[in-house]
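The structure under discussion appears below in the form of structure tokens.
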Amino acid sequence: MNFVKSPRLILAGAAGLGAVALITSALLPPSSASMSAHAQQSSGPTNGAPNRPPVNVRVGKAERGAMPYLTEAVGTVQPIASVAIRSRIDAQIDSILVADGAPVKAGDVLVKLDARQVEAQIKQAQATLAKDRATLEQAERDVIRYNELLSRQTGTQVAFDNAKTAAASARAAIMGDEAQIENLNVQLSWYTIKAPISGRVSTFTQKAGNIIRSGDSTATGTLTTIVQTTPIYVSFSVPQRLLSDLRDAATRSDSEIVATPQGSTKSVTGKIAVIDNAIDPSTGTITVRAVFDNPDEVLWSGQLCSVRMQLRVDSDVVSVPREAVQSGQNGNYVYVVEDGTARVKPIELGRYQEGRQIVLKGITGGETVVVDGALALTNGARVETRGADAKKGNS
């Protein structure tokens, strides 16, 4: 069967095809040429990076100035001197003149023992000395008399020589008597026990009326113990890598050590007194003793305390907050904010001190650095700053 196409149907068909073509072109992806043109129109002004909103970051300051070199440790308070008081003779305690735990000074009388026996021996020795002195006077008179007789040829040489011998014997006896008295006086001093050093006494183990013996090695044989409290040591250990700095600090005027007893808010300041002559190979540490005047007895023997040691003060260093330091494949770096843009600055680090990192190379101080939000940054990214230096970072 033959159909005749009318012009009206042909036009309608063409219109339908055109509509399908328009719909199809809308669904198909754009050509590469049109994509290139679109990319050129939408590209940003900074190094070809996408035009994205600024990153919100917190900033800090790179500071230049003096910074102390500090280290911390836990120390133990130790007395410079500790003396156990014992008796050198067997005797009865007559009286105790200081209270338990009382402060004493060197030379103060602590205990008196019954010394009547040695006092009587001294009197006996003094009497013997007086007798020998009288004997010497008689012998010297005989020497003079026999010398006169010999000069008139009425005496004998033998009698004169015997008189001189008797006088010499009397002098020797007197010397022996004087030495005996001196020995007894030394023994008498043992009956009065004095403090050999200044400090504090412990509790007395014996009371008045008890017998104390010189050879008693038990706890009761020690009357008391004096511990020196002013000045006093604090002993602590530090890593051996600080040895050279410690030796330098011992002679520097800007070094100091601050000790704070645990449980106390009071601190005292001292200086390095002794550096041990050997490093402990089992721990890799070296023992240091610092001396403190301790006039108020803030430090107490055997007490634990926190030690803060200033080895020196570096007068001109650059430092940044520790959070500002980032690590990458090429080393350490920081983001420096300049005119609202974050710039990468490679740096070389020194030591870390109380939340700040010393920078040896890379920045000179005064820069505004990113301390929070660096993970979202790239070199050249725009930033909005917040923090103490936010206005300076955006200027």
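State whether the residues of segment 345-358 include one that is more than 21 Å from residue 230 (Cα to Cα), surrounded by 17 or more Cβ atoms within 10 Å (Cβ to Cβ), touching a residue at least 24 places away in the same chain (Cβ under 8 Å) and of a type in the set (Phe, Trp, Tyr). Within segment 345-358 (the criterion being more than 21 Å from residue 230 (Cα to Cα), surrounded by 17 or more Cβ atoms within 10 Å (Cβ to Cβ), touching a residue at least 24 places away in the same chain (Cβ under 8 Å) and of a type in the set (Phe, Trp, Tyr)), the answer is no, since none of the residues qualifies.
This table checks each residue for (1) outside any strand (DSSP E or B); (2) in the same structural domain as residue 63 (by TED's automatic domain parsing); (3) at pLDDT 95 or above; (4) in contact with a His (Cβ under 6 Å, 6 or more places away or on another chain).
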residue: 350; (1), (2), (3), (4): no, yes, no, no
residue: 359; (1), (2), (3), (4): no, yes, yes, no
residue: 364; (1), (2), (3), (4): yes, yes, no, no
residue: 370; (1), (2), (3), (4): no, yes, yes, no
residue: 379; (1), (2), (3), (4): yes, yes, no, no
residue: 388; (1), (2), (3), (4): yes, yes, no, no
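Among the residues of segment 122-148, the ones that are within 60 Å of the chain's Cα centre (by Cα) and either buried (at least 16 other Cβ atoms within 10 Å of the Cβ) or without any contact (Cβ under 8 Å) to a residue 24 or more places away in the chain (or both) come to 4 in all.
Kindly indicate whether residue 325 is of a type in the set (A, V, I, L, M), under 30 Å from residue 269 (Cβ atoms) and surrounded by 16 or more Cβ atoms within 10 Å (Cβ to Cβ). It is false that residue 325 is of a type in the set (A, V, I, L, M), under 30 Å from residue 269 (Cβ atoms) and surrounded by 16 or more Cβ atoms within 10 Å (Cβ to Cβ).
Across segment 203-251, which residue is farthest from residue 284 (Cα to Cα) among those that are part of a strand (DSSP E or B) and touching a helix residue (DSSP H, G or I) at 6+ places or on another chain (Cβ under 8 Å)? Break it down stepwise before answering.
As a first pass, look at segment 203-251 and keep what is part of a strand (DSSP E or B): 211-212, 222-227, 232-239.
With the extra rule that they be touching a helix residue (DSSP H, G or I) at 6+ places or on another chain (Cβ under 8 Å), the set shrinks to 212, 238.
Details: 212: 47, 238: 9 Å.
Out of the qualifying residues, it is 212.
Residue by residue, here is whether (1) of a type in the set (S, T, N, Q); (2) modelled with pLDDT under 95; (3) surrounded by fewer than 18 Cβ atoms within 10 Å (Cβ to Cβ) holds:
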site	(1), (2), (3)
219	no, yes, yes
253	yes, yes, yes
264	yes, yes, yes
275	no, no, yes
280	no, no, yes
284	no, no, yes
307	no, no, no
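Residues considered: 181, 144. Of these, the only one that is over 30 Å from residue 97 (Cα atoms), part of a helix (DSSP H, G or I) and among the β-branched types (Val, Ile, Thr) is 144.
Here residue 171 fulfils each of the conditions (1) under 30 Å from residue 229 (Cα atoms); (2) surrounded by fewer than 17 Cβ atoms within 10 Å (Cβ to Cβ); (3) touching a residue at least 12 places away in the same chain (Cβ under 8 Å) apart from (1). Criterion applied to 228, 206, 180, 153 was being more than 30 Å from residue 270 (Cα to Cα) and modelled with pLDDT of 95 or more, and the one residue passing it is 180. The residue pairs whose first member lies in segment 279-301 and is in contact (Cβ under 8 Å) with a residue 60 or more places away in the chain and more than 25 Å from residue 245 (Cα to Cα), whose second member is of a type in the set (Ser, Thr, Tyr) and part of a loop (DSSP other than H, G, I, E, B), and whose beta carbons are closer than 8 Å, counting only pairs six or more residues apart or on different chains, are 294/229; 294/230; 295/230; 297/229; 297/230; 299/229; 300/229; 301/229. I'd like to check something: does segment 136-156 contain any residue that is within 25 Å of residue 184 (Cα to Cα), assigned by TED's automatic domain parsing to the domain that holds residue 184 and of a type in the set (A, V, I, L, M, F, W, C)? Looking for residues that are within 25 Å of residue 184 (Cα to Cα), assigned by TED's automatic domain parsing to the domain that holds residue 184 and of a type in the set (A, V, I, L, M, F, W, C), one finds at least one in segment 136-156, hence yes.
The values are calculated or read from the model by the stated rules, or taken from the named source; none is laboratory data. The model shown is predicted, which means the values in this text are computed figures rather than measured ones. Positions of Cβ are backbone-derived with ideal geometry, glycine not excepted, and every protein chain shown enters the neighbour counts.
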